[in-house]
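First up is the structure itself, then whatever we jot down about it.
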Amino acid sequence: MLSVAIRDELAADLAQAERSREPITPLTAAYPGIDVVDAYEIQLINIRQRVAEGARVLGHKVGLSSKAMQQMMGVDEPDYGHLLDEMQVFEDTPVKAANYLYPRVEVEVAFILAGDLPGAGCTEEDVLAATEALVPSIELIDTRITDWKIALCDTIADNASSAGFVLGQARVSPADIDVKAIEATLTRNGEVIAEGRSDAVLGNPVTAVAWLARKVESFGVRLKAGDVVLPGSCTRAIDARAGDEFVADFTGLGAVRLSFE
């Protein structure tokens, strides 16, 4: 467990790395005693600061939601980060690759909530009942840690390596689609580079959202009507470069586009 002063220092280091686009060494290398509670508290320090400066929380993202990623990180549950309004990007506006350190994209079936979710007792049925729509999305991930040399506590402290997200135009009720069987194809500059299915996310993206609702309550956070939730990627993460145009196409859910300049 780290002291409050060290947590504040590490949060400031991460915030400065994001502003300056100059990465830092892993937090876990400098402080091997850091634990998951420290890491979430560091994340919250920076989120609270950004909200104090005018940002709004639009929702949350789940990371490490595939068994392969959990095994790689040596963990048995996902992690989460916050989605802020200033992180949202749009299909018709290219993003500047130079604004990020090591940008990558992930393909996700986003949830938009129409109702508040319970906390500790949240079930998959609760999630389905509260979901207004499923939406095609791409998450833009990044790390403020040099060369993606991250351990679990590094990514948690760094807002679960989240940097941006884009939502497509389609809105589909979960009652009208098999949420576990949505096929996803990602192209970069017209070439297929990744394929996956929604059940790569904990067997069912709904499971990830229910887990998130239960998890965030312990940190004094609730998932509410209007929130956007990214439950985790259907495919592996793909590096993004200036000039790239990505299109993620989902069966029964439409497509979403993200381009870099």
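Rounded to the nearest 0.05, the FRET efficiency derived from the C-beta distance between Glu245 and Ala114 at R0 = 30 Å is 0.40. Based on C-alpha pairs under 8 angstrom that are at least 6 apart in sequence, the range 161-208 has a relative contact order of 29 percent.
Dipole orientation for the range 115-227: of the candidates Ser198, Ser173, Ser137, Ser137 has the Cα lying most toward the positive pole (charges on Cβ; Lys, Arg +1; Asp, Glu -1). Working ranking of peptides 149-161, 123-135, 24-36, 47-59 by packing, defined as the average number of other Cβ atoms within 10 Å per residue, highest first, is 149-161, 123-135, 24-36, 47-59. Charge tally for Gly254 (other residues, Cβ to Cβ under 15 Å; Lys, Arg +1; Asp, Glu -1): -3.
Taking a sphere under 12 Å around the Cβ of Lys180 and counting the other residues whose Cβ falls inside, with K and R at +1 and D and E at -1, yields a net charge of -3. Extension gain, Ala15-Ser173: 0.36 nm per intervening residue step, less the Cα-Cα distance, totals 53.1 nm. Per-atom-type breakdown for the chain gives carbon and sulfur 49% of the accessible area (1.4 Å probe, protein chains only). At 20 Å minimum axial length over the Cα atoms and a Kyte-Doolittle cut of -0.5, report the qualifying DSSP H helices in the chain, or say none. Answer set is 4-20, 36-52. A simple charge model with +1 on the Cβ of Lys and Arg, -1 on the Cβ of Asp and Glu and nothing else charged puts the dipole of the chain at about 180 debye relative to its Cα centre. The value of relative contact order for the range 77-229, using C-alpha pairs under 8 Å at least six residues apart, is 33 percent.
Averaging the Cα positions of each part gives two centres, and for the range 1-24 and the range 38-106 these lie 15 Å apart. Applying a DSSP loop filter and a limit of 16 other Cβ atoms within 10 Å to the trypsin sites (Lys or Arg not before Pro) in the range 202-261 leaves Arg222, Lys224, Arg241. Spin-label model, Ala5 to Glu191: label points 7 Å out along the Cα-to-beta-carbon direction sit 5.3 nm apart.
Ranking Leu64, Leu101, Leu84 by how far each Cα lies toward the positive end of the dipole of the range 58-124 (charges on Cβ) leaves Leu101 at the top. Maximal additional length on extending the Val36-Val51 stretch stands at 3.2 nm, based on 0.36 nm per residue less the C-alpha distance. When the pairs Lys67/Lys96; Lys67/Lys224; Lys180/Lys224; Lys61/Lys180; Lys149/Lys180; Lys67/Lys215 are compared against a 25 Å limit on Cα-Cα distance, Lys67/Lys96; Lys67/Lys224; Lys149/Lys180 fall above it. I'd like the antiparallel share, as a percent to the nearest 5, of DSSP beta bridges with both residues in the chain. Beta bridges within the chain, antiparallel portion: roughly 90 percent.
Report the label-to-label distance for Asp199 and Ala98 in nanometres (one decimal), using points 7 Å from each Cα along the Cα→Cβ vector. With each label point 7 Å from Cα toward Cβ, the separation is 4.6 nm. With Cβ to Cβ distances under 14 Å as the rule, what net charge do the other residues near Ala114 carry (K, R +1; D, E -1)? Result for the local shell: -2.
Across the chain, the longest run free of exposed loop sites, meaning chymotrypsin sites (Phe, Trp or Tyr not before Pro) lying outside DSSP classes H, G, I, E and B with no more than 15 other Cβ atoms within 10 Å, spans 91-218. Using a probe of 1.4 angstrom and keeping all protein chains present, the accessible surface of the chain works out to 42 square angstrom per residue. Only Lys, Arg, Asp and Glu carry charge here, each on its Cβ (+1 for the first two, -1 for the last two); on that basis the range 35-125 has a dipole of about 340 debye about its Cα centre.
Its relative contact order, with pairs defined as Cα atoms under 8 Å and 6+ residues apart, puts the range 174-261 at 33 percent.
The values are calculated or read from the model by the stated rules, or taken from the named source; none is laboratory data. On a predicted model such as this, the values are computed, not experimentally measured, just so you know. Cβ: placed from backbone, ideal geometry, glycine included. Neighbour counts: every protein chain shown. These area figures cover heavy atoms from the full protein model, side chains too; ligands, DNA and RNA do not enter into them. Shrake-Rupley method; radii C 1.70, N 1.55, O 1.52, S 1.80 Å.
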